[in-house]
């Protein structure tokens, strides 16, 4: 291992600068207990119902947006639902919430468009949630169905939604710019092609199998390590509770 490939930060965080096999193995072993605990804490322990709705909403909000702003918008939408006893159906209300969700790391991108996406999804969910829940599918089948049925979800964020519904055992994960850059050393200039997406996901799947961990847990470890921080996603810890 190149000594500069892995660095140690504050509060147990690590920083990955390379993706050689030995470095990745060490990063996963150093982080496995912490991230297994993180995953247990946000596991809704259900593949249908209210938890799935909110995980899909979170995935929609996260598209091209910093994680801090995404958490803030998500929490605000959840609190709004608790206050009014229903899910947010109107894009004007959702847009106001998204536009007010600035955080230290930035703001929700494309707020007007995402407001329409969340409003359309909410109305469709309340009419018939069947197209959006697992229905016996594999993780791969489920994510493809979400891509077909949820406006605004591509393969990466559909994978994210599925993984958030079963974080300990998911067999799919989100291959975003950070993961792409970690494994290729380059920043994608356009959407990652499916053949490349699945190839990178397969590398993470092999790493997960080697360490006897869930695919999403390993991707989460690498995603944080690429950025040099440790993020628990604690805002999602209540997603299994029915609030609206």
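Assorted remarks:
- Here residue 59 fulfils each of the conditions (1) within 16 Å of the chain's Cα centre (by Cα); (2) surrounded by fewer than 22 Cβ atoms within 10 Å (Cβ to Cβ) apart from (2).
- Test result for residue 93, free of Cβ contacts under 8 Å to residues at least 24 places away in the same chain, surrounded by 13 or more Cβ atoms within 10 Å (Cβ to Cβ) and farther than 26 Å from residue 214 by Cβ: yes
- For residue 178: the one exception among (1) at pLDDT 95 or above; (2) in contact with a helix residue (DSSP H, G or I) (Cβ under 7 Å, 6 or more places away or on another chain): (1)
- Hits in region 113-145 (condition: buried (at least 21 other Cβ atoms within 10 Å of the Cβ) and closer than 17 Å to residue 192 by Cβ): 143
- Selection status of residue 163, part of a helix (DSSP H, G or I), at pLDDT 95 or above and assigned by TED's automatic domain parsing to the domain that holds residue 67: no
- Some residue of region 43-56 being modelled with pLDDT of 95 or more, surrounded by 20 or more Cβ atoms within 10 Å (Cβ to Cβ) and within 20 Å of residue 223 (Cα to Cα): yes
- Residues being surrounded by 15 or more Cβ atoms within 10 Å (Cβ to Cβ), modelled with pLDDT under 95, within 30 Å of residue 110 (Cβ to Cβ) and touching a strand residue (DSSP E or B) at 6+ places or on another chain (Cβ under 7 Å) are represented in region 8-28 by at least one member.
- Exactly one residue among 202, 191 is surrounded by fewer than 23 Cβ atoms within 10 Å (Cβ to Cβ) and within 25 Å of residue 22 (Cβ to Cβ), and that residue is 202.
- Residue 69 being at pLDDT 90 or above, crowded, with 17+ Cβ neighbours inside 10 Å and in the same structural domain as residue 200 (by TED's automatic domain parsing): no
The values are calculated or read from the model by the stated rules, or taken from the named source; none is laboratory data. What you see is a predicted model, and the numbers here were worked out from it, not measured in a lab. Don't worry about glycine lacking a Cβ; one is built from the backbone with ideal geometry, like all the others, and counts go over all protein chains shown.
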